[in-house]
Amino acid sequence: MHIIFFICFLNIFITFIGSEPTCDEILPKELKQEIQSYQAIVDRIIKEVLSGGYQNKTYDELALFTDTFGSRIAGSDNLENAIDYTLKKLQNIGLENVHGEKVDVPHWVRGFESAELIQPRHQKLNMLSLGYSVGTPPEGITAEVVVFRSFEEMYVNAAYAKNKIVVFNEKYTTYGETVEYRSKSASYAAHYGALAVLIASVTPFSLDTPHTGMQSYMDNVTQIPAACITHADAHMLARMQKRKTKLVIKLIMSAQNLPNRVSRNVIADITGNQYPSNVVIVSGHIDSWDVGQGAMDDGGGAFISWNALGLLKKLGLRARRTIRSILWTSEEFGLIGAAAYFKSFDIKSINLIMESDLGTFKPLGFDFAGNLKSSCIAQEILKLFKSIDLTYFKKSSSNSVGSDIELWTRVGVPGISLKTLDEKYFWFHHTNADTMDVENPNELDLCTAVFAATSYVAADLSINFPQQINNTLVDIMRQKQKTPLAPPQ
Ligand SMILES: [Zn+2]
């Protein structure tokens, strides 16, 4: 009896000290009521995209943009022409403080590329060189192939990698985990004397589509050519090797890293009428890969970001704080535009930072980073979207959400990455299939409405989103140079 009583007491004690206060306990009733009072404005914003003059506008604008400029890789004239066009557009719709902020960006060009299996039989392999990769000599590299399932398998069979074209037939688990094969394979394989590396594309599903993306070389390794091939071909090569068939591939790549060029982050505001120097940012990236049209990655995110402001402007809604749309440049080559802004703009004046870079499919809710109180405010704002079924809310345990905005959320700025029905995102990611056919007018409308309404409410509230800035981390991140990766042991 005594023991049972003790265990019960212990349980109650652990529950008491281990649990966080609830949002009902954290948010004063008045603040909840204040947030709820925005319901009519949120409904008006949603109505405007569902049945008003803004219906289909984001889709039509994005289609015109991608049809006119196509893909927009960093360093290209396409990207700069697309930026000029966008700046003019934002000025024409009457947004304020419209300007481009100069950023030095990498200039990598793909050039001609091909991969051909020449032994045991001839077959063209669908491939794409990876960003920052060097090319092959003009005559190409013709070499025997070794296929590994994982880095671990290469380490224990390291002697087989020497003077070979190494193929990684890695298994896709999650993007975050599997992308290591794209970013590090060249350096790891070069460490063991490989001549070039081909990876199975980082995707859960493939219709023989290769998926490009960025890779980086470690210091002190030979820079070898790196490309991706399709799942089907990687699987075939693995089967052939298992039968002890000798495999030879001829790889020709003329990829080059040229001197940096100047690009621009695109900025446009609706200036706050009470606290103009305090800003809520809505953002996406305007650059893309050089394959496909960059309609999904990240044309959609960029276009809902500026159309959110266009929509607020049309409805005559001006908040107390400034709402700023930023279209980042050169995300694909390592958050280059965002890093420049992180260094130059006062972090404390950012009230909330939002991003969409996982597709503009049907919106579901928020991936959130920030402290408990700010998370409760965001959850209360989310309740204003019941009519369009936004219920998803996840608070990051590592304070990191999004891609470009992660720089800010990691140091304690509250941030929202728009969560959409993104199951198919990585089917199209960084491929020739990233076109307007992935986009849907109604889903884009809803995403625009969510960005417009969320940024408006956040920018107009009587209180700031509570920040928890880690100044030491800010200093470290601002000074951060390219950190060399550790070689595998
Ligand atoms: Zn992206």
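The values are calculated or read from the model by the stated rules, or taken from the named source; none is laboratory data. Please read all numbers here as calculations on a predicted model, not as lab measurements. No Cβ is skipped: glycine too gets one built from the backbone with ideal geometry, and neighbour counts run over all protein chains shown. Protein only, heavy atoms only, side chains kept; ligands, DNA and RNA dropped before computing areas. Shrake-Rupley method; radii C 1.70, N 1.55, O 1.52, S 1.80 Å.
Observations
- 24 Å Cα-Cα threshold exceeded, pairs from LYS124/LYS244; LYS184/LYS246; LYS373/LYS394: LYS184/LYS246
- Projecting the Cα atoms of GLN241, TYR172, THR230 onto the charge dipole of region 152-265, computed from C-beta unit charges around the Cα centre, puts GLN241 farthest toward the positive end.
- Principal axis dimensions, largest first and in whole angstrom, of the chain by Cα: 77, 73, 41
- Gain on full stretching of the segment that runs from LYS348 to GLU139 - 0.36 nm per residue minus C-alpha separation: 69.8 nm
- Euclidean distance of C-alpha centroids, region 315-352 and region 166-219, integer Å: 31
- Under the convention that each Lys and Arg Cβ holds +1 and each Asp and Glu Cβ holds -1, the size of the dipole of region 374-485 around its Cα centre is about 600 debye.
- Charging the Cβ of each Asp and Glu at -1 and of each Lys and Arg at +1, and nothing else, the dipole of the chain about its Cα centre rounds to 680 debye.
- Rolling a 1.4 angstrom probe over the chain with all protein chains present gives an accessible area of which 54% lies on carbon and sulfur atoms.
- Since only SER398, PHE428, ILE476 are under comparison, the one whose Cα sits farthest along the positive direction of the charge dipole of region 336-489, derived from C-beta charges on Lys, Arg, Asp and Glu, is ILE476.
- Shape call, region 111-254: gyration tensor on alpha carbons, a/c limit 1.5: rounded
- Centre-to-centre, using Cα atoms only, region 384-428 and region 99-141 are separated by 32 Å.
- In the chain, the longest principal axis of the Cα atoms and the axis of helix 231-242 are about 40 degrees apart.
- Folded to 0 to 90 degrees: helix 441-460 orientation relative to the chain principal axis, Cα: 50
- Using a probe of 1.4 angstrom and keeping all protein chains present, the accessible surface of the chain works out to 43 square angstrom per residue.
- Counted by Cβ distance under 14 Å from THR271, the other residues give a net charge of +2, where Lys and Arg count +1 and Asp and Glu count -1.
- Dipole check for region 111-254: with +1 at the C-beta of Lys and Arg, -1 at the C-beta of Asp and Glu, and the Cα centre as origin, the magnitude is about 560 Debye.
- Eligible aspartates and glutamates near LYS32 by straight Cα distance, threshold 15 Å, same-chain separation 8 or greater: ASP24, GLU380, ASP460
- Surrounding net charge for ASN471, when Lys and Arg each add one and Asp and Glu each subtract one, Cβ distance under 11 Å: +1
- Shape class of region 330-390 from the Cα gyration tensor (axes a ≥ b ≥ c, square roots of the eigenvalues): oblate, since a/c reaches 1.5 or more and a/b does not exceed b/c.
- Among beta bridges from DSSP that stay inside the chain, the antiparallel ones total about 55%.
- Those GluC sites (Glu not before Pro) in region 102-203 that DSSP places in a loop and that have at most 16 other beta carbons within 10 Å: GLU139
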